[in-house]
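Asker: Provided herewith is a single structure, encoded as structure tokens, for subsequent inquiry.
The numbers here are math on the coordinates, done by the rules we state, and not lab data. Given the structure is predicted, the values throughout are model-derived calculations rather than measurements. Every residue, glycine as well, gets a Cβ built from its backbone with ideal geometry; the counts of neighbours run over all protein chains shown.
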Amino acid sequence: MKILFITLSNIGDCILTLPVLDCLRQKYPDAQVTCLVPARPSNIFVNNPAVSEVIVFDKYARLTDKIKLFFFLSKEKFDLVVDLRNSFFGAFLPTKSGRRIFSPLRRIPSGIRHMRQKHLFWAKMPLNSGENKYQSLIITATDGDYINDILCQRCFTASGK
């Protein structure tokens, strides 16, 4: 199975979409996931073992470039398209089975306030799936050292709050 996962532009928003990727991994463990992502948050997905391919796009690209990307993605013949941006890719990109998760007009129940849960709701995934055996936010030892260096430079200690 081939899945196209179209995520958001900002790094923080992108991190909040990762539970949807985790649910996709649980539901389709053998699927090849391709992420369509802007340049800024692309590193979140580059070293992710759940992602087979990362396609970086520029949301401010010329219309001709967007059309070329659309036809390139059309040739990939995805089984499922999950579009959290609610873009024309999610609305019109052909899939083998016609399955896509694209819901710009879907009404969110008032009890759902956190964006993580909103993304799960939009993607038609369980909001509380119990134990999640995957975690798509991958922090390597190098990343941890980098974070600790930044915190130390700003006078935060590892034991501090």
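Asker: Got a number for residues in the range 35-54 being in a strand (DSSP E or B) and either surrounded by fewer than 20 Cβ atoms within 10 Å (Cβ to Cβ) or small (Gly, Ala, Ser) (or both)? Break it down stepwise before answering.
Answerer: Taking the range 35-54 as the starting set, the residues that turn out to be in a strand (DSSP E or B) are 35-38, 51-54.
When the remaining residues are screened for being either surrounded by fewer than 20 Cβ atoms within 10 Å (Cβ to Cβ) or small (Gly, Ala, Ser) (or both), the result is 38, 52-54.
Qualifying residue count, the range 35-54: 4.
Asker: Checking LEU4 against (1) touching an Asp or Glu at 6+ places or on another chain (Cβ under 9 Å); (2) part of a helix (DSSP H, G or I); (3) not β-branched (Val, Ile, Thr), only one condition comes out false. Which one?
Answerer: Only one criterion is unmet by LEU4, namely (2).
Asker: Can you pull out every residue in the range 8-36 that is under 24 Å from ALA141 (Cα atoms) and aliphatic (A, V, I, L, M)?
Answerer: The initial filter retains those residues of the range 8-36 that are under 24 Å from ALA141 (Cα atoms), namely 10-19, 21-22, 25, 35.
Matches in the range 8-36: ILE11, ILE15, LEU16, LEU18, LEU21.
Asker: Can you name every residue in the range 9-26 that is without any contact (Cβ under 8 Å) to a residue 40 or more places away in the chain, of a type outside the set (Val, Ile, Thr) and surrounded by fewer than 18 Cβ atoms within 10 Å (Cβ to Cβ)? I'd like the intermediate steps shown before the answer.
Answerer: Filtering the range 9-26 down to residues without any contact (Cβ under 8 Å) to a residue 40 or more places away in the chain leaves 10-12, 14.
Still in the list and also of a type outside the set (Val, Ile, Thr): 10, 12, 14.
ASN10, GLY12 - these are the residues of the range 9-26 that are without any contact (Cβ under 8 Å) to a residue 40 or more places away in the chain, of a type outside the set (Val, Ile, Thr) and surrounded by fewer than 18 Cβ atoms within 10 Å (Cβ to Cβ).
Asker: Could you tell me which residue of the range 13-34 is nearest to THR95 (Cα to Cα), considering only residues that are hydroxyl-bearing (Ser, Thr, Tyr) and part of a loop (DSSP other than H, G, I, E, B)? Don't jump to the end; show me each part of the working.
Answerer: Of the range 13-34, the ones hydroxyl-bearing (Ser, Thr, Tyr) are 17, 28, 34.
From what is left, the residues that are part of a loop (DSSP other than H, G, I, E, B) are 17, 28.
Values: THR17: 22, TYR28: 16 Å.
Here the residue is TYR28.
Asker: Which of (1) under 12 Å from the mean Cα position of the chain (by Cα); (2) within 14 Å of LEU8 (Cβ to Cβ); (3) touching a residue at least 24 places away in the same chain (Cβ under 8 Å) is the odd one out, the single condition SER42 does not satisfy?
Answerer: (3)
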